[in-house]
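Presented below is the structure to which this report refers.
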Amino acid sequence: MGFQSCYYDIEEELYPYQFCDTTSLASYNQKVLPILTQHCFGCHSGASPSGSVSLDSYEAVKQHVDDGKLSCSINHASGCSPMPNNAPKLISCDIQEIEKWIQSGAQND
């Protein structure tokens, strides 16, 4: 008799009661950049970024903040390409961190 297992990787469903501290300063370098590095840079950096959307510099990210596409995409909103592509949304804490940073002026610190 063999054992079978399944792969289940939706973090919010695995750990639904995670604490999300969004009370600290909205920081590009401390909060937003690590999220983008983990979830976005694989496709949206380098010489040939996917969809010609580069997110590997503050200036590039700010451009997509200013045109509303970053927020629209990470929230999987209608009319935008949902990101990450072909994957579940970022965990809500990561989205909250990015949204807080955008709402506080999307400054480069």
Just one of the numbered conditions (1) touching a helix residue (DSSP H, G or I) at 6+ places or on another chain (Cβ under 8 Å); (2) modelled with pLDDT of 95 or more is not true of Ala26; which one? (2)
Which ones in the range 35-69 are of a type in the set (Gly, Ala, Ser) and part of a helix (DSSP H, G or I)? Ser50, Gly51, Ser52, Ala60
Assuming Val32 fulfils every condition listed in (1) at pLDDT below 95; (2) part of a helix (DSSP H, G or I) apart from one, which condition is it? (1)
Which residues, counting only those in the range 54-67, are without any contact (Cβ under 8 Å) to a residue 24 or more places away in the chain and under 14 Å from the mean Cα position of the chain (by Cα)? Ser54, Leu55, Asp56, His64
Meets criteria (touching a Pro at 6+ places or on another chain (Cβ under 8 Å) and either within 23 Å of Gln30 (Cβ to Cβ) or modelled with pLDDT of 95 or more (or both)) for His64: no
Taking the condition at pLDDT below 95 and exposed (fewer than 10 other Cβ atoms within 10 Å of the Cβ), does Gln18 pass? no
I need a count of the residues in the range 68-95 that are over 23 Å from Gln107 (Cβ atoms) and free of Cβ contacts under 8 Å to residues at least 40 places away in the same chain. 10
The range 63-91, residues that are within 15 Å of Ile35 (Cβ to Cβ), surrounded by 12 or more Cβ atoms within 10 Å (Cβ to Cβ) and not polar (S, T, N, Q): His64, Val65, Leu70, Ile74, Met83, Pro84, Pro88, Lys89, Leu90, Ile91
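The values are calculated or read from the model by the stated rules, or taken from the named source; none is laboratory data. Given the structure is predicted, the values throughout are model-derived calculations rather than measurements. No Cβ is skipped: glycine too gets one built from the backbone with ideal geometry, and neighbour counts run over all protein chains shown.
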